[in-house]
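The values are calculated or read from the model by the stated rules, or taken from the named source; none is laboratory data. Model, not experiment: these values are computed from the prediction. So basically every Cβ, Gly included, is an ideal-geometry build from the backbone, and we count neighbours across all protein chains shown.
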Amino acid sequence: MAVDLAKVAKEKKIKYFLISFVDLFGVLRSKLVPARAIGGMQKEGAGFAGFAAWLDMTPAHPDMFAIPDPDSLIILPWKPEVAWLAGDLWMDGAPVEASPRVMLKRQIEKAAKKGYRLKTGVECEYFLINPDGTAISDDRDIQEKPCYDQAALMRRFDVISEICDAMIELGWGPYQNDHEDANGQFEMNWDYDDALVTADRHSFFKFMVKSIAEKHGLRATFMPKPFLNLTGNGCHCHASVWDKTGKKNLFVGRDEMGLSALAYKFLGGVMHSAEALCALFNPTINSYKRINAPRTLSGATWSPNSVTYGGNNRTHMVRIPDPGRIEFRLMDGAANPHLLQAGVLAAGLDGIANKRDPGKRLDIDMYADGHKVRGAKKLPLNLLDALRNLQKSKVLNEAMGKEQIDSYVKLKSEEWSAFGRHLTQWERDHTLDC
Ligand SMILES: [Mg+2]
């Protein structure tokens, strides 16, 4: 045992541990364990009933256990007597394969066998809204182009700086915070790292932002499109593949964009599976109001509607912002942090293995001239189409396991059906007099 959590508890004066796991819907679930019991929990794990979370299990399944990963330990900066741990789910002595952190680890193992290591950074956009969720929290934040608005940013200095200070303390290397393109919307950036570290941090970041916002009497939402007239919450993912030592970026190459042949194959893989990946990257009913959206108040949606890539051009699904790095702009704030990374890696590895060609770079404004592009695949218009694409994706079924994909599609299809049982005001407005 590399790290003895009981010892850490004494040294750091930790009174409680949150032993957590993320389910297939991205919900962070935990047990709050007093320090006196952490020694046993580190070995045996914290027990949970799988059916009670969004996992494909029945009430008859035996207990599952979240075995905490000591490397993921984070002392809550805003409540230092509590520490958080990411856990891997086990049942009957074996890992739960249809659970997001295990699914990501499987892709990382596959990449490692080929000598590859995926490093990523995520840009988690969020809104600060009022506690009842009906409006943004700052009623003076009304500019038509509010991006980078210094005054609106500084009116939320107390919240933003507390979150940024926390990231500094945690050693994440935060380097900038800004007001984003929608009124009430913010983004905070920290250093990229190995995909698993980024996924764990991404989970924790959402928890931290919501917790600190609440402390200040506000509410934070990562919902993909909480306000129809405003830009939605994206969660762009910057990716590069490194050698197994993590010292050499294998995406750096000599073409005009500074990318290697390997990078283009990886990109080709993600583009090949994009319509199916939407089920993981855009996992909610609401997600499809962000992609394929009409113009917003600021003049642009900043989100894609077809499968294309450009250079340093934000109107495409994929941007190449710098040498040795690719930005995937499809993901939204509802994306499951671990499945997001697992999906990128699974599709990227397929691209490398099968030498997928991403086609030609399009140096056009997709928002203005997208209709002139011939042959580009369109993104699904709703969750059901995305789920159907995922279900029939040979690449993702093979890479991530048919049983795992079946579990995910089954649960998400139930969500789609539940949505279908709602009678909306729109239907009444448009159909009552039919
Ligand atoms: Mg942004």
Qualifying residue in the stretch 359-380 (condition: within 18 Å of Asn286 (Cβ to Cβ) and assigned by TED's automatic domain parsing to the domain that holds Met257): yes
For Phe328: the one exception among (1) more than 16 Å from the ligand (Cβ to nearest atom); (2) of a type in the set (A, V, I, L, M, F, W, C); (3) closer than 17 Å to Gly121 by Cβ: (1)
The stretch 67-101, residues that are in a strand (DSSP E or B), touching an Asp or Glu at 6+ places or on another chain (Cβ under 9 Å) and over 17 Å from Leu339 (Cβ atoms): Ile67, Pro68, Ile74, Ile75, Leu85, Met91
Residues within the stretch 300-321 that are farther than 18 Å from Asn233 by Cβ, within 16 Å of the ligand (Cβ to nearest atom) and in a strand (DSSP E or B), tallied: 2
In the stretch 165-178, the residues that are touching a residue at least 12 places away in the same chain (Cβ under 8 Å), more than 16 Å from the ligand (Cβ to nearest atom) and not in a loop (DSSP other than H, G, I, E, B): Asp165, Ala166, Met167, Glu169, Leu170
Qualifying residue in the stretch 363-370 (condition: surrounded by fewer than 22 Cβ atoms within 10 Å (Cβ to Cβ), in contact with a helix residue (DSSP H, G or I) (Cβ under 7 Å, 6 or more places away or on another chain) and more than 12 Å from Glu275 (Cβ to Cβ)): no
Among (1) crowded, with 17+ Cβ neighbours inside 10 Å; (2) within 24 Å of the chain's Cα centre (by Cα); (3) away from the ligand (no atom under 14 Å from the Cβ), the one test that Asp181 misses: (3)
Considering residues of the stretch 199-247 that are part of a helix (DSSP H, G or I) and within 16 Å of the ligand (Cβ to nearest atom) only, the residue nearest to the chain's Cα centre (by Cα): His202
Residue in the stretch 123-130 that is more than 16 Å from the ligand (Cβ to nearest atom), assigned by TED's automatic domain parsing to the domain that holds Asn189 and outside any loop (DSSP other than H, G, I, E, B) present: yes
Residues (more than 16 Å from the ligand (Cβ to nearest atom) and either part of a strand (DSSP E or B) or of a type in the set (D, E, K, R) (or both)) located in the stretch 106-122: Arg106, Glu109, Lys110, Lys113, Lys114, Tyr116, Arg117, Leu118, Lys119
Set Asn382, Asn389, Asn397: member being touching a helix residue (DSSP H, G or I) at 6+ places or on another chain (Cβ under 9 Å) and free of Cβ contacts under 8 Å to residues at least 40 places away in the same chain: Asn397
In the stretch 1-23, the residues that are closer than 30 Å to Leu339 by Cβ and not β-branched (Val, Ile, Thr): Met1, Ala2, Leu5, Tyr16, Phe17, Leu18, Ser20, Phe21, Asp23
Count of the stretch 392-434 residues which are part of a helix (DSSP H, G or I) and closer than 15 Å to Ala98 by Cα: 16
Residues located in the stretch 265-294, provided they are polar (S, T, N, Q) and surrounded by fewer than 24 Cβ atoms within 10 Å (Cβ to Cβ): Thr284, Asn286, Asn292
